[in-house]
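K.L.:
Quick one: this structure, given as structure tokens, is what I'll be asking you about.
The values are calculated or read from the model by the stated rules, or taken from the named source; none is laboratory data. Predicted model, so just to flag it, every value in this text is computed and none were measured. Using ideal geometry, Cβ is built from the backbone for each residue, glycine included, and neighbour counts are taken over all protein chains shown. Keep in mind that these areas ignore ligands, DNA and RNA; they rest on the heavy atoms of the full protein, side chains included. Shrake-Rupley method; radii C 1.70, N 1.55, O 1.52, S 1.80 Å.
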Amino acid sequence: MFTIYGHRGLPSKAPENTLASFKAASEVEGARWLELDVGITKDQQLVIIHDDYLDRTTNKTGEVTQLNYAEMKDTSAGLWYGSEFKEEKLPTFEQIIRLANDYQMNLNVELKGVTGPRGTELSHSMVTQVREQLQALDDGLQVVISSFNLPLLKMSEERMPEYTRAVLFKNAYFKEDFRTVMDFCNSKIVNIENAKLTESKVKMIKEAGYELNVWTVNKDTRANQLANWGVDGIFTDKIDQLIHLQQREDN
Ligand code: G3P
Ligand code: MG
């Protein structure tokens, strides 16, 4: 079955990685999976944000890992998108788990590589907290831990082997040695960039026995092409428009 993941929620309708965005994606009929980006603050609070810096998606500036949570918790994470979203805050991971339980959504938890001089310490803290907080997720809901950052994936394998891992690749960094990377992380799921992805590369990855998901796909013609090539799922900003493709059973 071709799976459609709500990439950062439903960012074509609400500001990415906010509760409004995740709720909007969860309310799409047939939607089962949310993708979210997990970062960590200087004082070790997990926050849901894509960038290393607050600047693009909040009304505050600065590097997430160099600021305490108290310094960002009241900033708007929605005003940049539209005044109707000005009350949106940076979600915590706990809030995401509550929302996933409320809507019975599965989670693709992307761990963002930690910037700054205390990256190793904060990475350990991130993985430990993700594991602890996931204990509150309802039984039966599925979790995939994904990252571009191999140390975070390795730590995840050690601390929470019960959750499967996906390795994120940009096409430019996808080389013939990818199987070694996959083996190192004990992962069977490749999550690869859409741009410049070719049918021959899809076939090579699938023939090597991996699950293959593609990000970020917002056009239904491209999504359909990827499904026909044998891709297992896509991450999209428009889950409301592409969810109908999930019903395909011919992949
Ligand atoms: O997890 C898929 C995708 O979100 C990876 O890239 O930069 O959107 O987090 P990015
Ligand atoms: Mg992501």
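K.L.:
For the range 1-144, max minus min Cα coordinate along each principal axis, in Å, sorted largest first?
P.N.:
Rounded to whole Å, the extents work out to 42, 36, 23 Å.
K.L.:
Okay, next question. Please name which of Tyr173, Leu212, Thr75 has its Cα lying farthest along the dipole of the chain towards the positive end, using unit charges on Cβ (Lys, Arg +1; Asp, Glu -1) and the Cα centre as origin.
P.N.:
Value computed over the given set: Tyr173.
K.L.:
Report, in listed order, any pair from Lys23/Lys238; Lys175/Lys196; Lys175/Lys238; Lys188/Lys219; Lys175/Lys206 with a Cα-Cα distance greater than 20 Å. Walk me through the numbers before you get to the answer.
P.N.:
Numbers: Lys23/Lys238 13 Å; Lys175/Lys196 14 Å; Lys175/Lys238 29 Å; Lys188/Lys219 26 Å; Lys175/Lys206 15 Å.
Violating the 20 Å Cα-Cα cut-off are Lys175/Lys238; Lys188/Lys219.
K.L.:
As a test question: what accessible area, to the nearest 10 Å², does Asp237 have when a 1.4 Å probe is rolled over all protein chains in place?
P.N.:
My reading of the accessible area for Asp237 is about 40 Å².
K.L.:
Can you give the accessible area of Lys23 in Å² (nearest 10), computed on protein heavy atoms with a 1.4 Å probe?
P.N.:
90
K.L.:
Quick one: if the Förster radius is 35 Å, what FRET efficiency do Lys42 and Lys203 give, using the C-beta to C-beta distance and rounding to 0.05?
P.N.:
On the way: r = 45 Å, r/R0 = 1.28.
It comes out at approximately 0.20.
K.L.:
Suppose the chain between Tyr103 and Glu158 were pulled fully straight at 0.36 nm per residue; how much longer would it get relative to their current alpha carbon spacing? Numbers along the way, then the final one.
P.N.:
Details: separation 55, 0.36 × 55 = 19.80 nm, distance 2.94 nm.
Going from the current span to full extension adds 16.9 nm.
K.L.:
Now for a different question. Would you calculate the separation in nanometres between label points at His124 and Glu193, each defined as 7 Å from the Cα along the Cα-to-beta-carbon direction?
P.N.:
Going from the His124 label point to the Glu193 one covers 3.2 nm.
K.L.:
Determine by what factor the alpha-carbon radius of gyration of the range 3-247 differs from 2.2 N^0.38 Å, reporting the quotient.
P.N.:
On the way: Rg = 17.3 Å, N = 245, 2.2 N^0.38 = 17.8 Å.
Computed over Cα atoms of the range 3-247, the ratio equals 0.97.
K.L.:
For His50, His7, His244, give me the order by solvent-accessible area with a 1.4 Å probe, most accessible first, ignoring ligands, DNA and RNA. Working shown, then result.
P.N.:
Numbers: His50 55, His7 15, His244 105 Å².
Result, largest first: His244, His50, His7.
K.L.:
Still on this structure: DSSP beta bridges in the range 3-247, what fraction antiparallel, as a percent rounded to 5? Mind dumping the intermediate values first?
P.N.:
Details: 5 of 38 bridges.
Of the beta bridges lying entirely in the range 3-247, close to 15 percent run antiparallel.
K.L.:
Next up: Determine the share of the chain's accessible area contributed by carbon and sulfur atoms, expressed in whole percent, with a 1.4 angstrom probe. Write out the running numbers ahead of the final one.
P.N.:
Working: 5220 of 11110 Å².
Summing carbon and sulfur atoms, their accessible area is 47 percent of the total for the chain.
K.L.:
Continuing with this model, one more query. Hey, with R₀ at 25 Å, roughly what FRET efficiency would Thr115 and Thr180 work out to, going by the Cβ-Cβ distance, to 0.05?
P.N.:
Working: r = 26 Å, r/R0 = 1.04.
Rounded to the nearest 0.05, the efficiency is 0.45.
K.L.:
Oh, and also: With every protein chain left in place, what is the accessible area per residue of the chain in square angstrom, probe 1.4 Å?
P.N.:
On the way: 11110 Å² over 251 residues.
That works out to 44 Å² per residue.
K.L.:
How large is the accessible surface of Arg165 in square angstrom, using a 1.4 angstrom probe and rounding to the nearest 10?
P.N.:
That residue has around 20 Å² of solvent-accessible surface.
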